[in-house]
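Everything below concerns the one structure shown next.
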Amino acid sequence: MIYLTVDGMFSGTGIRDSVEGGYLKLEELNISDDLKNKITYWLSCYEDAHYSQYEDESEVASLDSEGLDICIMLRSEIPDSKVEYYSSAEMKKIAI
């Protein structure tokens, strides 16, 4: 079983090892190129929101919704995984 956390932390990769800590390189995960691209794009959008100090609440809600979708996709592509979501903007875990 692999335990992962999806988060949009500034300067992260978007995927953390929930047990050992630290960010995982997307290339290390056995996931599709489409999902890798989706995570990379989502992370860049989260970074833009970070620079805006998360002022736009609807943007944050949209980013977190997309992050939750990424969690579901990760669980689908890595069947032996438990995936959780952490909203960097809200600074809290959000249930999937």
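The values are calculated or read from the model by the stated rules, or taken from the named source; none is laboratory data. On a predicted model such as this, the values are computed, not experimentally measured, just so you know. When we count neighbours, we look across all protein chains shown, and the Cβ atoms used for this are built from the backbone with ideal geometry, even at glycine. What goes into the accessible areas is simple: the full protein's heavy atoms, side chains included, and nothing from ligands, DNA or RNA. Shrake-Rupley method; radii C 1.70, N 1.55, O 1.52, S 1.80 Å.
For the range 1-34, run through the chymotrypsin sites (Phe, Trp or Tyr not before Pro) and keep only the ones in DSSP coil with at most 13 other Cβ atoms within 10 Å of their Cβ.
Qualifying residues, ordered by number: Phe10.
Using DSSP to call loops (not H, G, I, E or B), can you name the trypsin sites (Lys or Arg not before Pro) in the range 21-96 whose Cβ has at most 15 other Cβ atoms within 10 angstrom?
Within the range 21-96, the qualifying trypsin sites (Lys or Arg not before Pro) (loop, at most 15 other Cβ atoms within 10 Å) are Lys25.
For the chain, report the accessible area per residue in Å² (1.4 Å probe, heavy atoms, rounded to an integer).
In whole numbers, the chain has 60 Å² accessible per residue.
Scan the range 13-79 for GluC sites (Glu not before Pro) in coil per DSSP, keeping those whose Cβ has at most 15 other Cβ atoms within 10 Å, and list them by number. Working shown, then result.
Details: sites: Glu20, Glu27, Glu28, Glu47, Glu55, Glu57, Glu59, Glu66, Glu77; in loops: Glu20, Glu55.
Within the range 13-79, the qualifying GluC sites (Glu not before Pro) (loop, at most 15 other Cβ atoms within 10 Å) are Glu20, Glu55.
Which FRET efficiency, nearest 0.05, do Arg75 and Thr40 yield, Cβ-Cβ r, R0 22 Å?
Calculated transfer efficiency: 0.70.
Counting only protein heavy atoms and a 1.4 Å probe, tell me what percentage of the chain's accessible area is made up of carbon and sulfur.
48
Kindly provide the Kirkwood hydrodynamic radius of the chain in Å, to one decimal, from all pairs of distinct alpha carbon atoms.
The answer is 13.2 Å.
With +1 assigned to the C-beta of every Lys and Arg and -1 to the C-beta of every Asp and Glu, and no other charges, what is the dipole magnitude of the chain about the Cα centre in debye, to the nearest 20? Write out the running numbers ahead of the final one.
Working: 8 positive and 20 negative charges, 71 e Å.
Using only the charged Cβ atoms, the result is roughly 340 debye.
In the chain, what % of DSSP beta bridges are antiparallel (nearest 5)?
Antiparallel bridges make up about 55 percent of those DSSP assigns within the chain.
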